[in-house]
Amino acid sequence: MKFILGTKLNMTQRFDEKGVVTPVTAISVSANTITAIKTTEKDGYTAVQVGSGEQKESRVTKAELGATGGKAYKMVKEFRLKTPGGVDVAAEGAIGDIVDLGAFIAGDKVIVTGTSKSKGFQGVVKRHGFHGGPRSHGQKHSEREAGSIGGGPGRAGGRVVKGMRMAGRTGGDTVTVKGLKVVAVDTDTNMIYISGAVPGRRGTLVRIVSMS
C-alpha cells in the first residue's frame, strides 16, 4: 500500500509523447516521516502515522509532541492499512523511516482526500443550484428565493421535513475522490501530478493513497 501527504498547489496540464494534453493537479510533497505505528493487538486497528513539514514547538501541544516522538510537525495524519477485502495487514516500515514519492509511478490509480473550499453562509442558488423565482412582471425580490418549504398541515403534520434544502454553511467538508490517475512524478522537485481536479483550495493538505 502506497500513501503520502502533500499540499495542493494549482491545476495545470501535461502533454504525453503523442501530444495529448491532460488536465492535472500539481501537488507538492515534502518528506513524510513515520512517527508511530498502530497495531491490532495494542490499538485495535492497523495504521501508520506520518508527519510532514516543520513546525515551532510552541505551536504544538504536549499531547501532540508525545504522539509524534517529541518532534513538532505541521501536518500529522494516520493511514489505515487494509487489504481490498477489508482485512488488516501488517504495518510496513519502522518509526523514523522516510516516506517519499519514489513509491509512486505514472499510471497508478489513487484515492485523494482533501478539504473542500469554504464558502461561508450561502443561499440556495449557490448551495443547491436552485434556479430562483421567475423574472417576469409582478415579481419583487424573488429572483434568488428558495420558495415554499412546506410546513403546512398537509405535509409532515405542520413541520419542515428533515433534509429540506435550504440556505446554510457551504464547503469546508472532507471530500474523497477515487480512481484518479498519477500522470507524472518528479522526484527532483518533489512534485506529483494527478489527473483531474482535487478537492480544496491552494495550500490544502491532501492525502494520497494507492488503490492497490
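The values are calculated or read from the model by the stated rules, or taken from the named source; none is laboratory data. On a predicted model such as this, the values are computed, not experimentally measured, just so you know. Here the Cβ is made from the backbone with ideal geometry for all residues, glycine too, and neighbour counts use every protein chain on show.
Kindly establish whether GLU41 is acidic (Asp, Glu), surrounded by 13 or more Cβ atoms within 10 Å (Cβ to Cβ) and without any contact (Cβ under 8 Å) to a residue 24 or more places away in the chain.
no
In the range 93-102, is there at least one residue being under 19 Å from GLN49 (Cα atoms), in contact (Cβ under 8 Å) with a residue 60 or more places away in the chain and among the acidic types (Asp, Glu)? Within the range 93-102, one or more residues are under 19 Å from GLN49 (Cα atoms), in contact (Cβ under 8 Å) with a residue 60 or more places away in the chain and among the acidic types (Asp, Glu). Exactly one residue out of ILE4, ILE111, ILE27 is touching an Asp or Glu at 6+ places or on another chain (Cβ under 8 Å) and at pLDDT 90 or above: that is ILE4. Among the residues of the range 44-69, those that are surrounded by fewer than 15 Cβ atoms within 10 Å (Cβ to Cβ) and in contact with a helix residue (DSSP H, G or I) (Cβ under 9 Å, 6 or more places away or on another chain) comprise GLU57, LEU65. Condition first: basic (Lys, Arg), over 14 Å from GLN49 (Cα atoms) and in contact (Cβ under 8 Å) with a residue 40 or more places away in the chain. Now tell me which residues in the range 1-34 satisfy that. Listed by number, the residues that qualify are LYS8, ARG14.
Determine whether the range 17-25 contains at least one residue that is of a type in the set (A, V, I, L, M, F, W, C), touching a strand residue (DSSP E or B) at 6+ places or on another chain (Cβ under 8 Å) and within 23 Å of MET211 (Cα to Cα). Checked the range 17-25: at least one residue is of a type in the set (A, V, I, L, M, F, W, C), touching a strand residue (DSSP E or B) at 6+ places or on another chain (Cβ under 8 Å) and within 23 Å of MET211 (Cα to Cα). For the range 182-212, the tally of residues that are buried (at least 16 other Cβ atoms within 10 Å of the Cβ) and charged (D, E, K, R) stands at 1. The set of residues in the range 129-140 that are loosely packed, with under 11 Cβ neighbours inside 10 Å and over 23 Å from THR170 (Cα atoms) comprises PRO134, ARG135, SER136, HIS137, GLY138, LYS140. Can you confirm whether THR174 is under 15 Å from the mean Cα position of the chain (by Cα), under 23 Å from VAL24 (Cβ atoms) and surrounded by fewer than 13 Cβ atoms within 10 Å (Cβ to Cβ)? In short, yes.
If you take the residues in the range 101-115 that are among the hydrophobic types (A, V, I, L, M, F, W, C) and in a loop (DSSP other than H, G, I, E, B), which one is surrounded by the fewest Cβ atoms within 10 Å (Cβ to Cβ)? Walk me through it before giving the result.
First, the residues of the range 101-115 that are among the hydrophobic types (A, V, I, L, M, F, W, C): 101, 103-106, 110-112.
When the remaining residues are screened for being in a loop (DSSP other than H, G, I, E, B), the result is 104-106.
Numbers: PHE104: 21, ILE105: 11, ALA106: 13.
Looking at the filtered set, the residue picked out is ILE105.
Looking across the range 150-181, the residues that are among the small types (Gly, Ala, Ser) and under 17 Å from PHE121 (Cβ atoms) come down to ALA167, GLY168, GLY171, GLY172.
All of SER148, SER142, SER212, SER118 fail the test of being modelled with pLDDT under 90, under 22 Å from the mean Cα position of the chain (by Cα), in a loop (DSSP other than H, G, I, E, B) and not aliphatic (A, V, I, L, M), apart from SER212.
Go through the range 9-50 and give me each residue that's in a loop (DSSP other than H, G, I, E, B) and among the basic types (Lys, Arg). Steps first, answer last, please.
As a first pass, look at the range 9-50 and keep what is in a loop (DSSP other than H, G, I, E, B): 16-20, 29-31, 39, 44-46.
Passing the criteria: only LYS18.
Among the residues of the range 159-188, those identified as part of a loop (DSSP other than H, G, I, E, B) and either closer than 24 Å to VAL76 by Cβ or touching a Cys at 6+ places or on another chain (Cβ under 7 Å) (or both) are GLY171, GLY172, ASP173, THR187.
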